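Below is one structure, written out as structure tokens, with a few remarks after it.
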Protein chains: 2
Amino acid sequence: MKKILVLGAGLSSSSLIKYLLDHSDEHNWKVRVGDMSLDIAKKKIDNHKNAEAIEFDVFNEQLRSDEIENADVVISMLPARFHHLVAEKCVEFGKHMVTASYVSKEVKNLDEKAKEKGLLLLNEIGVDPGIDHMSAMKVIDEIKEKGGEMLSFKSSTGGLVAPEFDTNPWNYKFTWNPRNVVVAGQSVAQYIDHGKYKFVPYNQLFKRVEKMTILDAGEFEMYPNRDSLGYRETYGLEDIPTLLRGTLRRPGYCNAWDVFVQIGATDDTYSIGHSEDLTYREFINSFLPYNLKDPVEQKLCDYTGIQMDSEAMKRLQWLGVFEETKIGLPNATPAQILQKLLEEKWALEAEDKDMIVMQHQFDYKLNGKNKRITSSLFVKGKDQVHTAMSITVGIPVAIATKLFLTGIIKQKGVIVPTMKDVYEPVLKELEDYGIVFVEEETDLD
Amino acid sequence: MKKILVLGAGLSSSSLIKYLLDHSDEHNWKVRVGDMSLDIAKKKIDNHKNAEAIEFDVFNEQLRSDEIENADVVISMLPARFHHLVAEKCVEFGKHMVTASYVSKEVKNLDEKAKEKGLLLLNEIGVDPGIDHMSAMKVIDEIKEKGGEMLSFKSSTGGLVAPEFDTNPWNYKFTWNPRNVVVAGQSVAQYIDHGKYKFVPYNQLFKRVEKMTILDAGEFEMYPNRDSLGYRETYGLEDIPTLLRGTLRRPGYCNAWDVFVQIGATDDTYSIGHSEDLTYREFINSFLPYNLKDPVEQKLCDYTGIQMDSEAMKRLQWLGVFEETKIGLPNATPAQILQKLLEEKWALEAEDKDMIVMQHQFDYKLNGKNKRITSSLFVKGKDQVHTAMSITVGIPVAIATKLFLTGIIKQKGVIVPTMKDVYEPVLKELEDYGIVFVEEETDLD
């Protein structure tokens, strides 16, 4: 019998926990699910005979030690900043760990000790990071194996509302942490283009978009993600002339969102005194120069250079940013105020489903010819529990855990899933869950 | 005999130390000057019989305790972040302190203890902060005394090259810490205008300028300083509808500087790998989208919306940002790279003199009439030691120290010079040093 400890039972753990329980009889697993809220943990295990729910507070060191010591493998779905607290205990007690988050410095530093003890600390095996790594490495390895030379790699992912439920002019609803959406992109984006480093500050980010089509999901635009340069090493593409990672939105979103960026409405570094008494209209006006003669709408257009009858302006009008509604949020940052408004307007409705879209574009040279492979993914959510986000984050974590416990994955140390013996079996099983990449190849010359 | 300990003997201490020594016989003072560099301390006291120079390292706690214990009053001209180390020892040993810097939280917290022990911790008595507080409070108090109601207060200061030595198209040379000039304005500017809060993010700051003329120093433009809102309390203007503080540059400077802001060339938060091998032209290009057909100049104009034949472009050309010169600075941030170039181009020449300009504009209502008082200052440096910056920072510190030691200033606790019994005698003596405000009054109706 193997004991799996899942820490964190939020939305992104739903499909993960279901997978583990569905496979628990076959593999003789006991699944223990811990969460700050015992109710949430209980709901997720739904009285399954192979599962137990516990109240878990990561800052309770005694509890953390006891629970980790009693497990065989720990899956941490806690907020990313807490993983190292779990990882350190895992190494101390000789336990394996799986997470869907980026490797932090603290976790990376445990590599040597983990290897000494023969432990696996597998990270970045959700969707982004996770499925992106695995699906990209599969194609990159194939190109290299047939002797191709990589010229360009562009990769982008988006979590959005599914097309049938896409009912507002932003073509966007929150399917993930709203705060992350509001403050996205506030550190410089770095990438390489034709051998030249490129740096994009926040105030240019939403202007630097590229358009693309993904399968029958339709049209998208991609804005650059923070640090693409580090991926050259991750993907073994140290000499590639072009590498860019991005985030996907529907066409027109970035142009309208940029208005908030330009006026400073996404700033999260200072609080506005008595913000509870302001209206959203006054909030917008607080970023615009004083002038008695023009209405706020006209001032905003003049200030940001958009037209009164533009699509961007229609999106802003629809959000209600010019309305005389009280904000009601005391001493809030601009980002918090904007988030409050967006949470009302961009909420998923009860029947709404989300989607995950991803597209890689690989340009390479083989036998003197330039070719392009496009590899695309389009996954829709099943319902509001097993969302596309929950499935694509949780299922790879679950599959990797199974493959490790059954001896298929043999890696040790602090790793991310870029090795063939990890990504190949995971990608294969992901197909059973509708996570299938569609590859198309074209000649570029 | 009174013992004065001056900590920090850099450029801004020159006029201060000279004043203390010039008055040392009359008041029976011993002046002890400590600096990281004994040579610099020795140079500043120039073998004066009432002075001693010592090597002083603020992190040597024993030395810090010994020196402070032996003094009667300590003048800290150290970098602002070290003042609290001095202030804490002053309170411990029952000594008074004078500084030209903003009151930090740590220093503010010493207020109660200082008052208990009957100590003066006088801060913000340089030029900005310092002369600005005093000269503004004088007029504000006068307006209030005659029953006027304050409607608007705008105040701005600039440290620039004096007109006769103003020889480059930016009309700017470094007369102060270059780093502060490069990263200036990177936190949001906050002010109040006709009763409405206004917030200006960095990417708008250098577009939000107001023009003004100061005496015979000529034309200037002012961009908003970080937090003007806190000055309502400092100046006893809690209900004023308009309050704005700003920084002065020559006309056209902000428009050209904004190009660096827009492309991200002033960012100090990340390093560029192998920056030593890049040219300045490549540095600028790294912020611009890839495109083979246009030269960097054209791409920059298209990206930032300036014209090829604009004044901004002439200023950029003059700086050499498009030249194929190697940067030669390893692993530097964009801000560090820009600073290196500017330090070569904006250096003061041996005979150059600097200037300080300041202007307050007070609008008020009296007997139903709206009036405006403009109070302006224009101070030129004497030479490269007794610069306008050194004089206007150091002389008020020295005068206040004298007035305290001679019993004229009787305040205790952690204060800034907004009280009449402090600013009145200081301003009066400042006139002997050419620091004279010119007041003009006009009717607004």
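The values are calculated or read from the model by the stated rules, or taken from the named source; none is laboratory data. This structure is a prediction, so every number in the text was calculated from the model and none was measured. Ideal geometry is used to build each Cβ from the backbone, glycine not excepted, and the neighbour counts take in all protein chains shown.
Side notes on the structure shown:
- Test: A:K144 is modelled with pLDDT of 95 or more and assigned by TED's automatic domain parsing to the domain that holds A:W176: yes
- Residue count for the stretch A:157-180 satisfying the condition of being assigned to a loop (DSSP other than H, G, I, E, B) and at pLDDT below 95: 3.
- Of all residues making up the stretch A:266-309, the number that are modelled with pLDDT under 95, within 34 Å of the chain's Cα centre (by Cα) and either among the hydrophobic types (A, V, I, L, M, F, W, C) or not assigned by TED's automatic domain parsing to the domain that holds A:I327 (or both): 0
- Whichever residue in the stretch A:197-214 is closer than 17 Å to A:R249 by Cα and in a strand (DSSP E or B) and, among such residues, is nearest to the other protein chains (Cβ to nearest Cβ): A:E210
- Among residues of the stretch B:341-388, those that are buried (at least 18 other Cβ atoms within 10 Å of the Cβ) and assigned to a helix (DSSP H, G or I), counted: 3
- The C-beta contact set for the stretch A:250-275 (first residue closer than 18 Å to A:L288 by Cα and surrounded by fewer than 18 Cβ atoms within 10 Å (Cβ to Cβ), second residue at pLDDT 95 or above and of a type in the set (F, W, Y), distance under 9 angstrom, 6+ apart or interchain) comprises A:Y270/B:F199; A:G273/B:Y197.
- Filter pass, A:L85 being outside any strand (DSSP E or B), modelled with pLDDT of 95 or more and of a type in the set (A, V, I, L, M): yes
- Residue list for the stretch B:399-427, filter: surrounded by 17 or more Cβ atoms within 10 Å (Cβ to Cβ) and of a type in the set (S, T, Y): B:T401, B:T418, B:Y423
- Candidates are the residues of the stretch A:181-196 that are in a loop (DSSP other than H, G, I, E, B) and not aliphatic (A, V, I, L, M); the one that is surrounded by the most Cβ atoms within 10 Å (Cβ to Cβ) is A:G185.
- Matching option when the condition is touching a residue at least 60 places away in the same chain (Cβ under 8 Å), within 14 Å of chain B (Cβ to nearest Cβ) and crowded, with 18+ Cβ neighbours inside 10 Å, among A:T247, A:T242: A:T242
- Residues (in a strand (DSSP E or B) and among the polar types (S, T, N, Q)) located in the stretch A:88-101: A:T99
- Restricting the stretch B:219-239 to residues that are part of a strand (DSSP E or B) and either within 14 Å of chain A (Cβ to nearest Cβ) or surrounded by 15 or more Cβ atoms within 10 Å (Cβ to Cβ) (or both), the residue that is modelled with the lowest pLDDT: B:D227
- The stretch B:262-322 holds helices (runs of 4 or more DSSP H) entirely within its bounds, and those carrying 2 or more residues that are touching a helix residue (DSSP H, G or I) at 6+ places or on another chain (Cβ under 6 Å) and within 14 Å of chain A (Cβ to nearest Cβ) map to B:280-285, B:296-304.
Results for (1) part of a strand (DSSP E or B); (2) touching a Phe, Trp or Tyr at 6+ places or on another chain (Cβ under 9 Å); (3) in the same structural domain as B:L377 (by TED's automatic domain parsing); (4) touching a residue at least 40 places away in the same chain (Cβ under 8 Å), shown as yes or no for each residue.
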{"position": "B:V393", "(1), (2), (3), (4)": "no, no, no, yes"}
{"position": "B:V397", "(1), (2), (3), (4)": "no, yes, no, yes"}
{"position": "B:A400", "(1), (2), (3), (4)": "no, no, no, yes"}
{"position": "B:I408", "(1), (2), (3), (4)": "no, no, no, no"}
{"position": "B:Q411", "(1), (2), (3), (4)": "no, yes, no, yes"}
{"position": "B:P417", "(1), (2), (3), (4)": "no, yes, no, yes"}
{"position": "B:D421", "(1), (2), (3), (4)": "no, no, no, no"}
{"position": "B:K428", "(1), (2), (3), (4)": "no, no, no, no"}
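- Selection count where residues are hydroxyl-bearing (S, T, Y) and under 25 Å from A:R208 (Cα atoms), scope the stretch B:232-269: 2
- Taken over the stretch A:430-445, the criterion of being surrounded by 13 or more Cβ atoms within 10 Å (Cβ to Cβ) and assigned to a loop (DSSP other than H, G, I, E, B) is satisfied by A:G434, A:I435, A:V436, A:F437.
- B:A256 passes every criterion in (1) away from chain A (no Cβ under 12 Å); (2) not in a helix (DSSP H, G or I) apart from (2).
- The set of residues from the stretch B:143-192 being of a type in the set (D, E) and either within 14 Å of chain A (Cβ to nearest Cβ) or under 18 Å from B:L243 (Cα atoms) (or both) comprises just one member, B:E149.
- Among the residues of the stretch A:22-76, the ones that are assigned to a loop (DSSP other than H, G, I, E, B) and either in contact (Cβ under 8 Å) with a residue 40 or more places away in the chain or of a type in the set (A, V, I, L, M) (or both) come to 7 in all.
- Among the residues of the stretch B:323-340, those that are over 17 Å from B:P169 (Cβ atoms) and assigned to a loop (DSSP other than H, G, I, E, B) comprise B:E324, B:T325, B:I327, B:G328, B:L329, B:P330, B:N331, B:A332, B:T333.
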